[in-house]
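Single-structure report; data block below.
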Amino acid sequence: MRGVAKQLDFSWTSWFRPVSPPQKRFSKSSQDDPGLTAWCVEASKSLGLSELARKVKVSWNARMQTTAGRAWWPDRSIELNPKLKSCEPEELWRTLKHELAHLVAYERSNRRRIEPHGQEWQVACADLGIPGELSCHNLPFKRRQLKRNHAYVCANCLAVVRRVKPIKRAVACYECCRKHNAGTYHDRFRLVKHTE
Ligand SMILES: [Zn+2]
Ligand SMILES: [Zn+2]
């Protein structure tokens with residue numbers, strides 16, 4: 001299995017299916033997202049996973065149909081479906097965390113074989129703030145269309161904040177600051193703009 005990139009749990013049966021070489025997967029239909037990559041780097045660091053922090057990469061893949069996201073091992077890369085940009089922002093963050101949790105579980109497993117959505121993955125989901133996450137990878141059938149205003153999401157608790165006008169200064173999630181930082185501002189809970 002070493003040296004062969006595995007696509008994690010695209011479905012139960014294709015888990016160990018060898019995938020096409022990197023140059024084919026990361027073609028023109030794929031576009032890096034430096035902002036989401038940076039978030040995953042920080043999250044990996046905060047979990048003490050330095051190799052994952054060094055290698056993790058997030059990109060958008062326009063060829064994805066109904067799959068919301070997928071994770072690649074040992075590439076340590078995440079692909080997201082661009083349709084997520086027109087979903088509610090928590091959908092995007094939930095998917096990103098779901099996929100990152102796969103990489104976290106693998107990084108921690110130290111080449112031990114683990115179930116894609118087994119206990120290790122569930123622990124990683126809880127560590128990333130989405131306890132009780134489901135194993136489903138599909139986009140929701142009825143996607144609620146995003147209203148045409150400015151949406152922000154707390155990457156910690158996935159709360160969504162909407163504003164008529166864009167937020168100019170750094171604003172953090174009130175609930176998370178109250179719960180985890182004695183009510184004062186912390187960058188970790190800074191609201192992230194949801195871009196379409
Ligand atoms: Zn999964
Ligand atoms: Zn929050």
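The values are calculated or read from the model by the stated rules, or taken from the named source; none is laboratory data. From a predicted model like this one, the values you see are computed outputs, not experimental measurements. Neighbour counts are summed over all protein chains in view; Cβ atoms, including those assigned to glycine, are modelled from backbone coordinates with ideal geometry.
Can you tell me which residue among LEU100, LEU92 is touching a Cys at 6+ places or on another chain (Cβ under 7 Å), surrounded by 21 or more Cβ atoms within 10 Å (Cβ to Cβ) and under 15 Å from ALA71 (Cα atoms)?
Values: LEU92 fails: touching a Cys at 6+ places or on another chain (Cβ under 7 Å).
The match here is LEU100.
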Over region 118-132, the set of residues in a helix (DSSP H, G or I) and in contact with a Lys or Arg (Cβ under 8 Å, 6 or more places away or on another chain) is GLU120, ALA124, CYS125
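Does GLY183 count as away from ligand 2 (no atom under 16 Å from the Cβ), part of a loop (DSSP other than H, G, I, E, B), on the phi > 0 side of the Ramachandran plot and free of Cβ contacts under 8 Å to residues at least 24 places away in the same chain?
Details: away from ligand 2 (no atom under 16 Å from the Cβ): no; part of a loop (DSSP other than H, G, I, E, B): yes; on the phi > 0 side of the Ramachandran plot: yes; free of Cβ contacts under 8 Å to residues at least 24 places away in the same chain: yes.
The answer is no for GLY183.
Per-residue answers, yes or no, for (1) within 16 Å of ligand 1 (Cβ to nearest atom); (2) aliphatic (A, V, I, L, M); (3) closer than 23 Å to VAL41 by Cα:
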| residue | (1), (2), (3) |
| --- | --- |
| CYS87 | no, no, no |
| LYS97 | yes, no, yes |
| LEU128 | yes, yes, yes |
| ALA151 | no, yes, no |
| ARG163 | no, no, no |
| ASN181 | no, no, yes |
| PHE189 | no, no, yes |
| VAL192 | no, yes, yes |
**Request:** Looking only at region 125-136, decide whether some residue is surrounded by 15 or more Cβ atoms within 10 Å (Cβ to Cβ), touching a Phe, Trp or Tyr at 6+ places or on another chain (Cβ under 6 Å) and modelled with pLDDT of 90 or more.
**Result:** no
Looking across region 155-166 at residues that are free of Cβ contacts under 8 Å to residues at least 40 places away in the same chain and either in contact with a Lys or Arg (Cβ under 8 Å, 6 or more places away or on another chain) or assigned to a helix (DSSP H, G or I) (or both), the single one that is surrounded by the most Cβ atoms within 10 Å (Cβ to Cβ) is ASN156
Do we have GLU115 as part of a helix (DSSP H, G or I) and modelled with pLDDT under 95 here?
no
